[in-house]
Amino acid sequence: MNGRDRDTAALVALQYTERISARKRDALIRRLPVPSELFTEEGATLLRTLSPEAADEFKAVSERIDGVFDALERAGASWVTCLDDEFPELLREIEPMPAALFVKGSVSALGGFALGVVGTRKPTRYGLKLADMFAREFARAGITVVSGFARGVDTAAHKACIEGGAPTVAVFGCGVDICYPGENRALYDAIIGGGGAVVSEYPLSTKPVGYHFPERNRLISGLSRGIFLPEAAKKSGSLITAELALEQGRDLFVTPGSVFSEESGGTNALLRSAPHALVLSPDDVLAHYRMTAAERVREGDTGQMTIEETTVIEALRRGEMHFEELIAETGLGASELSDILVNLELSGIAEQTGGNHYALC
């Protein structure tokens, strides 16, 4: 990651060559023994079979590749190529696979267990509530939420993660140095500063043109184990993501909406063709992966807990304890401890076992 060797330079230059389509770029990568062969006469000949203009553009980018790397660093962006260990394994499975990704924030956020949350740009209050609820519960269970940073459902999902103190990944249809939509600037900064990532396959300064977003959608589903659609109209771009998810062998989860709501027309239609995708709560999704918030805590993932909650959980890991023992063990006051135990019970993490004793579920 962030190396400047010849193979890395070739892959970044290839990703910066806009006259080569994603599919042709993928075919080139899979055909060449090593990417740096693109710098040889044979490589130039191969590029010219695609188009002379593409070959000329690649040569021009290659000649200024140090400047490309310098510009990425000045923008606070990392690059990770398909040869790097940090490149998300799930993206190696998709076609077309990007040659390189450009990232602001934490590259490691791309490698965790992730679910995509996508939907309409004009959600109803019902759709917003679903996006918020599911994203919060996914984040609480240690799942990284991936979305497209668009207005509506995407924004609600990202915000839910940020408010819960969890990292989230935003996949852009423009350069990572362009915040689009502009009103999401605070969210953009919070994602990058909160352990999450803004990621794109497009060069810096690339504008958010319409045809980029269907291409971008394959990366949202590609990074995710499954895709959740809370609400989508019949012509919603999120339905493209759902189709791509199925093509990529990802899971699909859909909540039903009102038959009188245009914004639920797409998701309701999707459920007619894919009834197995029906979910009614976050627990339905977590159960599919045999995962619950309590299980994540038992495995040691307390990243979404407060310090005080983590202290109580660590104490209960040693076994059942009486309320007074917990006070002595944690140093918490009775009132604060009582509130924490109630929250842990409601979350399904701890339970009262009788006689004012408590244990992890």
Residues that are open to solvent by less than 10 Å² (accessible area, probe 1.4 Å) and at pLDDT below 95: which strands (runs of 3 or more DSSP E) entirely in the range 100-185 hold 3 or more of them? none
Among the residues of the range 56-77, are any outside any loop (DSSP other than H, G, I, E, B), free of Cβ contacts under 8 Å to residues at least 24 places away in the same chain, open to solvent by less than 30 Å² (accessible area, probe 1.4 Å) and farther than 27 Å from Gly196 by Cα? no
Confirm whether Thr206 is among the polar types (S, T, N, Q) and within 20 Å of Gly112 (Cα to Cα). no
Evaluate the range 64-73: report whether one residue or more is farther than 23 Å from Ile178 by Cβ, of a type in the set (Val, Ile, Thr) and out of contact with any strand residue (DSSP E or B) (no Cβ under 7 Å at 6 or more places or on another chain). no
Out of the residues in the range 26-43 that are under 15 Å from Ala55 (Cα atoms) and charged (D, E, K, R), state the one that is least open to solvent (accessible area, probe 1.4 Å). Glu37
Would you confirm whether or not the range 340-351 contains a residue that is in a loop (DSSP other than H, G, I, E, B), on the phi < 0 side of the Ramachandran plot and open to solvent by 70 Å² or more (accessible area, probe 1.4 Å)? no
Could you grab the pairs with beta carbons closer than 7 Å, sequence gap of 6+ or different chains, first residue in the range 116-130 and acidic (Asp, Glu), second one crowded, with 24+ Cβ neighbours inside 10 Å? none
When the range 131-152 is examined, which residues are found to be more than 22 Å from Lys104 (Cα to Cα) and of a type outside the set (Lys, Arg)? Ala131, Asp132, Met133, Phe134, Glu137, Phe138, Ala141, Gly152
Can you tell me which residues in the range 10-25 are under 22 Å from Leu110 (Cβ atoms) and open to solvent by less than 10 Å² (accessible area, probe 1.4 Å)? Ala10, Leu11, Val12, Ala13, Leu14, Gln15
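The values are calculated or read from the model by the stated rules, or taken from the named source; none is laboratory data. From a predicted model like this one, the values you see are computed outputs, not experimental measurements. In this analysis, Cβ positions are derived from the backbone assuming ideal geometry, glycine residues included, and neighbour counts consider all displayed protein chains. SASA here: full protein model, heavy atoms, side chains in, ligands and nucleic acids out. Shrake-Rupley method; radii C 1.70, N 1.55, O 1.52, S 1.80 Å.
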